[in-house]
Amino acid sequence: MTYGWAILVIAVVLGVLFQLGVFGSANLAPKAKAGQCQVQIVGSGSSTTHQLAGLCSPELPQYVAQFGGNSYIYIPSHVTPGGVTTAFSVFAWVYVPVAPNGDSHGGVVEQECSGTCTWFVELVSNGAGSVSPCYYYDGSNYNWCSYSTPLDFPLDTWEFVGFVVTSSNIYAYADNQEVTVGASYATNSLAVFPTWIGTRGDGICGTCITGDIADVQAYNASLTQAEVDALYMEGIGGAPVRPQNLTGWWPLNGNTNDYSGNNNNGQNNGASYSSFWTSGYSAP
């Protein structure tokens, strides 16, 4: 009888672990260590080159950053086009188990306001069980935060979300879906401001996200459709597709380091790291 109870307990535990996806193929696959792939900047001036260095195969990360609705990552200085300009792209992988409620949008990444806001990317609730990416810039118009778009996606699933800003349009992405969301207004200036991950800025957690974020990449260039597709197809462990235009790369694989070569390392304020994150993730 003692053995019978022991076998029953083991069976229950194994069942729970299977339910959590611990024995799933994604969890058993090889995992990338933090910093095994990074961008090296060689030379200076017109002879500067940016190149990927290390083991840059698109393995799944060991960890992702988890945000509990009252945590965020703060990057003190990050050079990006101020006001977003004619050339800007930002992408991240995001997992949201709980839809943002009302004005408590889930902030993914933002360059902090200074007088007027520069930009932010967040998720907004679109009704029962779905969210949508949202883009906003109020330095010179083009505010876009629609609560009903073709890019709605369900909760409890990893999504590749982001935006590409060109001289004429802003393009929003969720996985391999694209939608044109509005006109862009160029400023063509570079600005150094803090950047936030997991909130919409200033550490105000009315906009802190509840969920997981990984592989945040920011560029001072408009990625082409082919480059966006390539970045998506690499999956959550993907390396940058245009290293020479990378302004920040935060894989969030167990730390807040910037692996773009620009040393824009972040400061953790309450975020944790999970090694059992693969539930809801399907490789492209």
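Listed peptides 223-232, 164-173, 35-44, 60-69 appear in the order 60-69, 164-173, 223-232, 35-44 once ranked by packing, highest mean of other Cβ atoms within 10 Å at the front.
Listed by Cβ neighbour count within 10 Å, with the fewest neighbours leading, D175, D258 appear as D175, D258. Per-residue Cβ neighbour counts within 10 Å put S272, S279 in the sequence S272, S279, beginning with the fewest.
Applying 0.36 nm per residue to the separation of T49 and Q244 and subtracting their alpha-carbon distance, the gain on full extension is 69.5 nm. Taking other C-beta atoms within 10 angstrom as a stand-in for reagent exposure, S46, S260 fall in the order S46, S260, fewest first.
Extension gain for V179-Q40 works out to 46.7 nm (0.36 nm per residue, less the C-alpha to C-alpha distance).
Here, each number is a calculation from the coordinates, and none is a lab measurement. Just so we're clear, the structure is a prediction, and the values are computed from it rather than from any experiment. Here Cβ is always computed from backbone atoms with ideal geometry, including for glycine, and neighbour counts include all displayed protein chains.
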